[in-house]
Amino acid sequence: MKAVRRGPALLPVTEIVDHMTVAFSVAGPPLDAAVVANLVDLSAVVFGRSDPQYVHWRVAHMPDVSVVYATTDGRLVGFKAGYAVGERKYYSWLGGVHPEFRRQGIASELMIRQHRWLAERGYTLVETAVDQENQAMAQANLRHGFSVCGVRTEPHRVQILFSKRLA
């Protein structure tokens with residue numbers, strides 16, 4: 001599938017989130033090496049592990065890859081990354097918020113901005129998967145209009161699959 005740039009990226013927007021100044025931005029293809037390096041580093045903090053080769057491969061080879069991210073004082077504190085899986089279907093692949101900045105609305109704002117960015121580019125469906133143990137993310141998906149559409153089982157992992165129609 002050919003990567004298609006469907007319009008300009010959202011301009012950085014600075015907002016006050018829970019008494020803290022947070023800047024939200026979107027990076028589209030091709031992703032800057034510094035963005036990818038920060039994504040790898042924050043993934044290790046958020047998930048307790050990170051596979052830099054896997055992340056680099058994904059962002060280099062997946063179509064219309066993007067990262068919506070949040071920074072405060074120049075520090076990456078949250079992100080949502082994804083890529084196209086069809087002409088109008090997008091997969092929200094990886095995301096998280098640094099533990100010190102959770103429960104302050106950053107994850108919700110990242111999701112809202114990602115979905116807006118996708119809709120502006122003509123995507124009509126977004127899909128994602130959540131590890132069964134991650135109840136906070138599963139609940140966030142439901143709060144933001146996702147529906148459960150399936151379950152994926154692997155030898156040591158069960159994921160809940162979600163989909164959402166974009167306006």
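Values quoted throughout were computed directly from the atomic coordinates according to the rules given, and no laboratory measurement underlies them. Note that the structure is a prediction, hence the values are computed from the model and not measured. For neighbour counting, all protein chains shown are included, and Cβ atoms are generated from backbone atoms with ideal geometry for every residue, glycine included.
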Please report how far the C-alpha centroid of region 19-51 lies from that of region 140-167, rounded to the nearest whole angstrom.
23
Which of Y90, Y123 has the fewest Cβ neighbours within 10 Å, and the rest in rising order
Y123, Y90
Two pseudo-spin positions, 7 Å from Cα along C-beta at D73 and at R103, lie apart in nanometres by 2.1
Antiparallel bridges, percent of DSSP beta bridges restricted to the chain (to nearest 5):
90
Per DSSP H run of at least 4 residues, take -39500 (n - 2.57); add these up for the chain, divide by its residues and hand me the 222 nm value, nearest 500 deg cm²/dmol.
-9000 deg cm²/dmol
Starting from the Cα-Cα distance between D131 and R165, subtract it from 0.36 nm times their residue separation and give me the gain in nm to one decimal.
10.1 nm
From the phi angles alone, apply the Karplus equation (6.51, -1.76, 1.60; θ = phi - 60°) to region 36-44 and give each ³J(HN,Hα) in whole Hz, x where the residue is Gly or Pro.
5, 4, 5, 4, 4, 5, 5, 4, 5
What distance in nm separates the simple spin-label points at R49 and H156, each placed 7 Å from Cα in the Cβ direction?
0.6
Name the residues whose placed amide hydrogens come within less than 5 Å of the amide hydrogen of M20, ignoring near sequence neighbours (fewer than 5 apart) on the same chain.
none
For the chain, what is the Kirkwood hydrodynamic radius in Å, using each pair of distinct C-alpha atoms?
16.2
With contacts defined as alpha carbon pairs under 8 Å and 6 or more residues apart, what's the relative contact order of the chain in percent?
18
In what sequence do E109, E120 fall when counting other Cβ within 10 Å, fewest first?
E120, E109
Which residues' amide hydrogens lie under 5 Å from the amide hydrogen of L166, considering only partners 5 or more residues apart or on another chain, with H built in the peptide plane?
L125, V126
Apply the Karplus parameterisation 6.51 cos²θ - 1.76 cosθ + 1.60, with θ equal to phi minus 60°, to every residue of region 114-121 and state each ³J(HN,Hα) to the nearest whole Hz, in sequence, with x for glycine and proline.
4, 5, 5, 4, 5, 4, 5, 9
